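First the structure, in the form of C-alpha cells, and then the observations on it.
Rule-based calculations on the coordinates, nothing more; no lab input. Just so it is clear, the model here is predicted, and its values are computed rather than measured. Quick reminder, even Gly has a Cβ in these numbers, built from the backbone with ideal geometry, and neighbours come from all protein chains shown.
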Amino acid sequence: MLNERLRRLAIYVGEEVDASLPNSSFKKAPNIRSLLFFPNQECKQDHCSWMRSVCNEFQLLRVLDLNGFNIEGSLPKEIGNLIYLRFLSLNQTRITEIPSSISYLSCLETLNLCVQDVVVTLPNILWKLRRLKHLYFPSRILSQEVSTKQGYAIERGEMLRLDGLQYLETLENIDMDRVELKGLLELRNMRKLLASCVSKKENLDPFLKSSSIKRLSLKIDGSFVSEDPMILSNCRALHSLDIDNKIQGPLRFEMFPENLVYIGLWYCYVENDPMPVFEWLPHLKNLSLHICYRGNEIKCSAGGFPQLTYLAIDGLFWLHEWIVGPGALAKLESMEIYNSPIRVLPDALPSGVKIVCCPCVKGIEKYDSCHHYKGQFG
C-alpha cells in the first residue's frame, strides 16, 4: 500500500498499468524518491496521460527509470516539474519527442535516451543540463532493407550543442557529423566516448589524440583506413572498433592499437586473411567478421587469440577451409557461423565452446550447439 513514508517504488507492469498503480493513489505517496518500471508482459495501454500524473504528483523524484515502458509519442512537458531528478532513463521506450522543459532538470546527472525502433527529436538545450555526467543517445539504424529506423535528430536540423557540460564523463552513440566539435573538445572530464557516423577525418583526429579520454569506441568508414592505414595505430584509448565499407590495401598488425577488446568488420572486403592480423592483439575478446573477406581459407596460428571469448563469422561466401593451430582460441566460449560454406569445423577448437551455425557445418556434433537460432546477425 502507498503511504507518506514510502521512498522507493518498483512497479511490475502488466497489460494495464492502472491495474498495477492507479493514478488516483499517487497523492498517498508524495515523498517517493525512486520510481522504476519492470514490464513483465506487453503493455496494451497508452501511458502518456498516466506519465503526466507521475510528473505532477511525484515532484521529489530523484530516479525515474522507464526502461521498456510502453510510452510513445512526446514525453509529457510536465517532466520539467521533476527539478530534483538525477537519473532519467527512456531506454527501450518509443518516445519520439523530448520537450524543451527538460532543461529545467538542473540536478540531472544521467540521461539515457536509448529509444527503440524510433527516431527521437531533441531540443537543442542539453547543454543547459550543467551537472550531467552520463549521456546516452540511441544507436543509429537507418536501413533501406528494413522499415525500422532508430536514432536521434535535433530540432530544425541544428548542430547539437554540448558546450557547458563540464562534468560530462560518458558520451555514447554521438553522431560526430551533427555535433558542434568545438564545444565537445572543451569537455575536459570526458573519460568514455562512443562515436559513430564519422565521415570527416578532421572530425576524428582530435579524439584520437586526446589525453583525457580513457575509453574510446569508434564506428568509422573503411575509407579512413584506406587513406591513412596508420590512423588508429597510436590511439591507446581505443577499445572498441567497427569498420564499415571497403578497405583498400592489405590489413597489417601494426595498424591496430593493442588495447582493442572488440573489432567488427562490415562489408570491408579486405585483401588478406584477417585472422593473422588480429590474433596477437593481447586483449581482444570479441571479433565479428561480416561479409568482409573473399578468400577461401582462414588460419589461426598456434596460441593465437589468447583472450578471445566470442567469434562471429557471417557471409564469408567463399570460405571453405578453416585451420586452427594447437592452443589457438583457448578461451573461446561461443561462436556463430552463418552463410559461410566451411567444409568441416577444426578439431583444435576448445571442447566446451558453444556454436550456433546456419547452415550446419560438418563436425558440429562434437560441440554444444544449436543449429537454428540466429543471434547477433539474426
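Results, tabulated for the structure shown:
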item: Amide proton proximity set for Leu238, modelled H, under 5 Å, gap of 5+; result: Leu216
item: Span from the region 235-270 Cα centroid across to the region 43-104 one, whole angstrom; result: 39
item: Efficiency of FRET from Cβ geometry, Ser223 and Lys331, R₀ 41 Å, rounded to 0.05; result: 0.75
item: Within the chain, percent of DSSP bridges classed antiparallel, to nearest 5; result: 0
item: Electrostatic dipole magnitude of the chain [Cβ: Lys, Arg +1; Asp, Glu -1; Cα centre; debye, to 20]; result: 1320
item: Given charges at beta-carbon only (K, R positive; D, E negative), |dipole| of region 183-272 in Debye; result: 460
item: Top positive-direction residue, dipole computed over the chain with Cβ charges, set Gly327, Val261, Gly68; result: Gly68
item: Computed magnitude of the charge dipole of region 277-378 (debye, nearest 20; Cβ of K, R +1, Cβ of D, E -1); result: 60
item: Contour excess over end-to-end distance, with Cα ends at Ser212 and Gln307 and 0.36 nm allotted per residue; result: 31.5 nm
item: Most mobile of Pro229, Pro326, Pro138 in a GNM of the chain (Cα contacts under 10 Å); result: Pro326
item: Karplus-derived 3J(HN,Hα), 6.51/-1.76/1.60, for each residue of region 117-132, Hz, glycine and proline x; result: 6, 9, 9, 9, 8, 10, x, 7, 10, 4, 5, 7, 7, 5, 8, 4
item: At R0 = 22 Å, FRET efficiency that the Cβ-Cβ distance of Asn56 and Thr121 yields, to 0.05; result: 0.40
item: Point-to-point label distance, Leu6-Tyr269, nm (Cα→Cβ direction, 7 Å offset); result: 6.1
item: Extension reserve of the Asn91-Asn339 stretch, reckoned as 0.36 nm per residue once the Cα distance is removed; result: 86.0 nm
item: Mean shadow area of region 261-345 over all directions, Cα convex hull, nm²; result: 4.6
item: Whole-Hz ³J(HN,Hα) from phi, Karplus 6.51 cos²θ - 1.76 cosθ + 1.60, for region 206-215, glycine and proline x; result: x, 7, 5, 9, 5, 8, 8, 6, 9, 9
item: Glu254 paired with Asp242, simple spin-label distance in nm, labels 7 Å along Cα-to-beta-carbon; result: 3.0
item: Under the Karplus curve 6.51 cos²θ - 1.76 cosθ + 1.60, θ = phi - 60°, whole-Hz ³J(HN,Hα) for region 180-191, x wherever Gly or Pro sits; result: 6, 5, 4, x, 5, 5, 7, 7, 6, 8, 4, 10
item: Contour excess over end-to-end distance, with Cα ends at Trp280 and Lys28 and 0.36 nm allotted per residue; result: 84.6 nm
item: Sequence-distant residues sharing a close amide H with Ser106 (under 5 Å, placed H); result: none
item: Built amide H within the under 5 Å cut-off of Val179, gap 5+; result: Leu160
item: Burial order of peptide ranges 151-160, 313-322 (average beta-carbon count within 10 Å, highest first); result: 313-322, 151-160
item: Relative counts (whole %) of C-alpha pair distances in the chain, using bins that are 10 Å wide; result: 5, 20, 25, 23, 18, 8, 1
item: Max mean-square fluctuation residue, GNM over the chain, Cα-Cα springs under 10 Å, options Ile298, Ile11, Ile98; result: Ile11
item: Range of Cα positions in region 239-300 per principal axis (Å), largest first; result: 27, 22, 18
